[in-house]
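The values are calculated or read from the model by the stated rules, or taken from the named source; none is laboratory data. Keep in mind that what you see is a predicted model, and the values were worked out from it rather than measured. Don't worry about glycine lacking a Cβ; one is built from the backbone with ideal geometry, like all the others, and counts go over all protein chains shown.
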Amino acid sequence: MSDQGTISAFFEEDHDRLDALFQSFQTLKRHNFLKAKEAFKEFKFGLQRHIVWEEDLLFPLWEEKTGMSGGGPTFVMRAEHREIGRQLEAIHSKVAEQNPESDGEEAALLNLLGSHNMKEERILYPSIDQVTTQEERETVFRSMERIPEERYRVCCGIEHA
Ligand SMILES: [Fe+2]
Ligand SMILES: [Fe+2]
């Protein structure tokens, strides 16, 4: 299968984009906090969007196709998303009080994301590409665009423009 239009290619690229935003936050936070905060905000919204895409569209499609849900890989991925969310909020509360001392929380998040993304990239996404047709994948991409922003552009529990 060519990379064109695959779940693997699209979602891996989004992982890379998010990694780069987080790295900007880390590089900037002790020099230009305002800019660092902007990068963090984009990272947070982007990661929240990525998780909504996976949990609302990608995982249900895979579960439907394979008949695997409770106890399967998507069950594990959803549980990891909750842990990732907790670390994200731990950093977020420091960012909210202009406190750059979040190295420990950042390392914990990167650690979680590293192994989570690797499992998705090596196992889950290729498997989704294998069990779906090009048409089904196109439906996923179109549905992703229709997810309302208020599902993921949330910060401190409120929606941000
Ligand atoms: Fe994920
Ligand atoms: Fe992912």
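On the basis of being over 21 Å from Glu12 (Cβ atoms), touching a helix residue (DSSP H, G or I) at 6+ places or on another chain (Cβ under 6 Å), modelled with pLDDT of 95 or more and surrounded by 13 or more Cβ atoms within 10 Å (Cβ to Cβ), does Ser102 make the cut?
Working: over 21 Å from Glu12 (Cβ atoms): yes; touching a helix residue (DSSP H, G or I) at 6+ places or on another chain (Cβ under 6 Å): yes; modelled with pLDDT of 95 or more: yes; surrounded by 13 or more Cβ atoms within 10 Å (Cβ to Cβ): yes.
The answer is yes for Ser102.
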Can you pull out the residues in region 61-76 that are surrounded by fewer than 14 Cβ atoms within 10 Å (Cβ to Cβ) and either within 11 Å of ligand 1 (Cβ to nearest atom) or under 19 Å from Arg151 (Cα atoms) (or both)? Val76
Quick check: is even one residue across region 46-56 of a type in the set (A, V, I, L, M, F, W, C), in contact (Cβ under 8 Å) with a residue 40 or more places away in the chain, within 16 Å of ligand 2 (Cβ to nearest atom) and surrounded by fewer than 18 Cβ atoms within 10 Å (Cβ to Cβ)? yes
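Quick test for you: out of Ser2, Ser69, Ser8, pick the one residue that is touching an Asp or Glu at 6+ places or on another chain (Cβ under 6 Å) and modelled with pLDDT under 95.
Numbers: Ser2 fails: touching an Asp or Glu at 6+ places or on another chain (Cβ under 6 Å); Ser8 fails: modelled with pLDDT under 95.
That would be Ser69, the only listed residue that is touching an Asp or Glu at 6+ places or on another chain (Cβ under 6 Å) and modelled with pLDDT under 95.
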Inspect all residues belonging to region 77-94 and state whether any of them is surrounded by fewer than 14 Cβ atoms within 10 Å (Cβ to Cβ), away from ligand 2 (no atom under 16 Å from the Cβ) and hydrophobic (A, V, I, L, M, F, W, C). no
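Is it the case, given these coordinates, that Glu97 is more than 21 Å from Asp16 (Cα to Cα), touching a residue at least 24 places away in the same chain (Cβ under 8 Å) and charged (D, E, K, R)? Give the derivation first.
Working: more than 21 Å from Asp16 (Cα to Cα): yes; touching a residue at least 24 places away in the same chain (Cβ under 8 Å): no; charged (D, E, K, R): yes.
No.
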Just to be sure I understand the filter: pairs with C-beta atoms under 8 Å, separated by 6 or more residues or on different chains, first member in region 66-85 and within 14 Å of Glu120 (Cα to Cα) and without any contact (Cβ under 8 Å) to a residue 40 or more places away in the chain, second member away from ligand 1 (no atom under 12 Å from the Cβ) and not in a helix (DSSP H, G or I). Which pairs pass? Phe75/Ser69
Filter result (surrounded by 13 or more Cβ atoms within 10 Å (Cβ to Cβ) and not in a helix (DSSP H, G or I)) within region 121-144: Thr132
Is at least one residue of region 107-119 surrounded by 16 or more Cβ atoms within 10 Å (Cβ to Cβ), touching a residue at least 12 places away in the same chain (Cβ under 8 Å) and more than 15 Å from the chain's Cα centre (by Cα)? yes
